[in-house]
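In what follows, a structure is listed as structure tokens, so that the remarks can point back to it.
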Amino acid sequence: MAMAPTVKVVLGSIAFAIFWVLAVFPSVPFLPVGRTAGSLLGAMLMVVFRVLTPDQAFAAIDLPILGLLFGTMVVSVYLERADMFEYLGKLLSWKSNGPKDLLCRISMISAISSALFTNDTSCVVLTEFILKITRQHNLPPHPFLLALASSANIGSSATPIGNPQNLVIAVQSKIAFGSFVFGILPAMLVGVAVNILVLMCMYWKLLSSAQKDEEDATTEVVADGDVISHRFSPATMSHLTSLNSLEWNSRLESVNMQSSPNMNGQVNHVETLRNRINSTENEIHSDTSGVYESARNSSASKEITNDASSQKRDETVSSRIESMDRLRDLSSMQFSSGDFATKWKRMLWKSCVYLVTIGMLIAFFLGLNMSWTALTAALALVVLDFKDAQPCLEKVSYSLLIFFCGMFITVDGFNKTGIPSALWDFMEPYARIDHAAGIVILALVILVLSNFASNVPTVLLLGGRVAASAAAFSAADEKKAWLILAWVSTVAGNLSLLGSAANLIVCEQAHRAPHFGYTLSFWKHLKFGVPSTIIIIAIGVTLIR
């Protein structure tokens with residue numbers, strides 16, 4: 001593509017530079033408007049500077065990508081409501097065997113969940129779980145936070161729905177979902193394992209000392225628990241005393257208050273039970289007092305009367321108690337049946353959410369249109385929920401969708417200037433995918449651009465050009481070029497704290513977490529990120545097919 005006129009090149013570069021600054025540094029002092037407003041500002045400047053016409057700007061918005069992104073976000077919202085991420089959090093601490101085991105578990109769970117539910121979602125949900133676990137076991141948080149963020153980025157590379165840049169690649173390249181997964185999956189699995197090894201090597205001493213401290217603390221807790229366990233417990237109340245009317249009434253009221261609105265038909269029955277119990281207790285007291293009164297008035301046959309009254313009182317009390325037990329059992333059966341029905345409805349709804357999600361993934365593997373499949377799954381969950389969908393739809397990140405709209409327009413305008421094409425024309429002879437040296441240079445170009453211009457704009461700028469260059473050799477090389485672009489642009493986010501949105505999410509969530517706040521510094525991340533990223537990218541590129 002030839003270079004545009006000089007005026008258009010300069011103005012288009014200015015608009016793209018403003019977009020880039022606000023996308024990478026959303027809180028710059030001279031214009032702290034954020035990423036979303038920054039992308040819209042860049043798009044608007046492209047039209048105002050006449051780099052693009054209004055029709056070209058609207059045509060630049062890729063609706064299939066937005067539909068796929070929206071559908072997967074809605075599905076993630078319902079999965080969160082179905083406690084999927086709570087179960088993932090419990091897996092982190094279930095039968096954990098020390099800090100090293102916890103580190104491996106975090107890495108694997110983060111990678112798998114990111115491949116299925118996007119890396120950003122996994123980082124948002126799991127960060128606070130990790131902070132709580134490390135706080136409870138007196139562990140240093142930063143190795144585990146690094147494991148979460150880096151493994152989320154690596155794992156998200158394996159599927160087209162793992163991260164935004166993969167969505168773009170999947171739609172533009174038209175690579176089937178299954179072919180995409182099996183092409184990158186070996187690199188992803190090895191990458192997660194290598195990432196764990198790098199973390200272990202860097203923090204082995206820290207994790208070993210933390211494990212020793214944890215064992216000492218556990219020993220102290222067990223010793224204290226042994227002492228506490230020998231304390232005397234209060235005596236058990238008698239059966240009659242435990243059926244005190246005030247206590248029974250309070251229990252009925254508390255259960256009645258906690259019952260759901262659909263149990264209104266049982267309220268009158270509960271009131272009847274309460275009245276019958278109260279009347280029964282009154283009869284017990286009146287009968288007992290009557291027996292004692294008659295015993296005092298009969299002085300001639302005192303001993304006989306006492307025996308008779310005692311026997312009668314025991315029989316009366318026993319019968320009344322048995323009646324109260326039956327009433328109490330009947331009442332508890334009514335409430336337990338209501339709770340049982342509610343639990344089964346909840347379990348049935350959660351099962352439907354999981355089945356719809358699995359069905360969506362199967363449809364992806366079968367090669368159905370990913371955008372419409374994700375939208376269909378999202379609407380199926382809305383219908384199955386049988387409630388007003390507004391609370392769930394409000395959790396969708398519409399700011400991210402708007403950011404993508406502005407970014408599509410801005411990047412398309414920058415492409416119209418001819419600068420990206422000129423740069424690629426210069427690099428193409430050295431970045432040929434038909435030999436190893438060319439693949440290394442291509443990976444370095446993607447790595448640098450992904451950290452300089454962010455990964456999604458890099459994919460939008462380079463994707464078509466890299467694929468066209470590789471297509472000159474064979475269709476297999478074209479597919480391999482797309483997969484290398486997906487792998488390198490995703491893993492490149494681990495290089496620095498600013499390289500990926502997932503890194504920033506973990507950092508921000510950890511800093512703002514109530515009672516567990518921790519600041520992950522730029523240099524701590526860079527110290528780990530540089531060697532890990534270079535090693536994992538180099539190994540992964542050789543495994544992509």
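Values for this structure:
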{"quantity": "Qualifying positions in the stretch 24-40 - under 16 Å from Phe414 (Cβ atoms) and surrounded by fewer than 18 Cβ atoms within 10 Å (Cβ to Cβ)", "calculated": "Val24"}
{"quantity": "Single unsatisfied condition, Pro457 versus (1) touching a residue at least 12 places away in the same chain (Cβ under 8 Å); (2) open to solvent by 60 Å² or more (accessible area, probe 1.4 Å); (3) within 21 Å of Ser496 (Cα to Cα)", "calculated": "(2)"}
{"quantity": "Sole exception among (1) part of a helix (DSSP H, G or I); (2) in contact (Cβ under 8 Å) with a residue 24 or more places away in the chain for Leu504, by number", "calculated": "(2)"}
{"quantity": "The stretch 368-396, subset more than 30 Å from Leu461 (Cα to Cα) and polar (S, T, N, Q), residue surrounded by the most Cβ atoms within 10 Å (Cβ to Cβ)", "calculated": "Thr376"}
{"quantity": "Filter result (modelled with pLDDT under 90 and open to solvent by 10 Å² or more (accessible area, probe 1.4 Å)) within the stretch 402-414", "calculated": "Phe403"}
{"quantity": "Scope the stretch 402-437; condition without any contact (Cβ under 8 Å) to a residue 40 or more places away in the chain and in contact with a Leu (Cβ under 7 Å, 6 or more places away or on another chain); matching residues", "calculated": "Ala431"}
{"quantity": "Scan of the stretch 429-444 for residues that are closer than 28 Å to Val21 by Cα and surrounded by fewer than 19 Cβ atoms within 10 Å (Cβ to Cβ), ordered by number", "calculated": "Ile441, Leu444"}
{"quantity": "Qualifying residue in the stretch 493-503 (condition: open to solvent by 20 Å² or more (accessible area, probe 1.4 Å) and within 17 Å of Thr118 (Cα to Cα))", "calculated": "yes"}
{"quantity": "Boolean, Phe452 is closer than 25 Å to Ala2 by Cα, surrounded by fewer than 19 Cβ atoms within 10 Å (Cβ to Cβ) and free of Cβ contacts under 8 Å to residues at least 12 places away in the same chain", "calculated": "yes"}
{"quantity": "Extreme residue, surrounded by the most Cβ atoms within 10 Å (Cβ to Cβ), among residues of the stretch 321-367 that are among the polar types (S, T, N, Q) and at pLDDT below 90", "calculated": "Ser331"}
{"quantity": "Residue within the stretch 85-96 that is free of Cβ contacts under 8 Å to residues at least 40 places away in the same chain, of a type in the set (Phe, Trp, Tyr) and out of contact with any His (no Cβ under 7 Å at 6 or more places or on another chain) present", "calculated": "yes"}
{"quantity": "Single unsatisfied condition, Leu31 versus (1) assigned to a helix (DSSP H, G or I); (2) out of contact with any helix residue (DSSP H, G or I) (no Cβ under 6 Å at 6 or more places or on another chain)", "calculated": "(1)"}
{"quantity": "All helices (runs of 4 or more DSSP H) inside the stretch 51-164 with 2 or more residues being open to solvent by 60 Å² or more (accessible area, probe 1.4 Å)", "calculated": "54-60, 63-81, 84-93, 99-117, 119-136"}
{"quantity": "Some residue of the stretch 190-200 being polar (S, T, N, Q), open to solvent by less than 70 Å² (accessible area, probe 1.4 Å), part of a helix (DSSP H, G or I) and at pLDDT 80 or above", "calculated": "yes"}
{"quantity": "Residues that are of a type outside the set (Phe, Trp, Tyr) and either within 36 Å of the chain's Cα centre (by Cα) or open to solvent by less than 30 Å² (accessible area, probe 1.4 Å) (or both), drawn from the stretch 415-428", "calculated": "Asn415, Thr417, Gly418, Pro420, Ser421"}
{"quantity": "Which numbered condition Ser399 misses (of (1) in contact (Cβ under 8 Å) with a residue 40 or more places away in the chain; (2) among the hydroxyl-bearing types (Ser, Thr, Tyr); (3) open to solvent by less than 50 Å² (accessible area, probe 1.4 Å))", "calculated": "(3)"}
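Here is a yes/no grid of residues against (1) among the hydroxyl-bearing types (Ser, Thr, Tyr); (2) within 26 Å of Phe404 (Cβ to Cβ); (3) outside any loop (DSSP other than H, G, I, E, B):
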| residue | (1), (2), (3) |
| --- | --- |
| Met427 | no, no, yes |
| Val456 | no, yes, yes |
| Leu460 | no, yes, yes |
| Ala468 | no, yes, yes |
| Phe473 | no, no, no |
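Rundown of residues vs (1) open to solvent by 10 Å² or more (accessible area, probe 1.4 Å); (2) at pLDDT 85 or above; (3) within 19 Å of Ala115 (Cα to Cα); (4) in a helix (DSSP H, G or I), yes/no style:
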{"residue": "Val491", "(1), (2), (3), (4)": "no, yes, yes, yes"}
{"residue": "Tyr518", "(1), (2), (3), (4)": "yes, no, no, no"}
{"residue": "Ala538", "(1), (2), (3), (4)": "yes, yes, no, yes"}
{"residue": "Arg545", "(1), (2), (3), (4)": "yes, no, yes, no"}
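The values are calculated or read from the model by the stated rules, or taken from the named source; none is laboratory data. Keep in mind that what you see is a predicted model, and the values were worked out from it rather than measured. All Cβ positions, glycine included, derive from the backbone under ideal geometry; neighbour counts span all protein chains shown. Heads up: the accessible areas ignore ligands, DNA and RNA and are worked out on the full protein's heavy atoms, side chains in. Shrake-Rupley method; radii C 1.70, N 1.55, O 1.52, S 1.80 Å.
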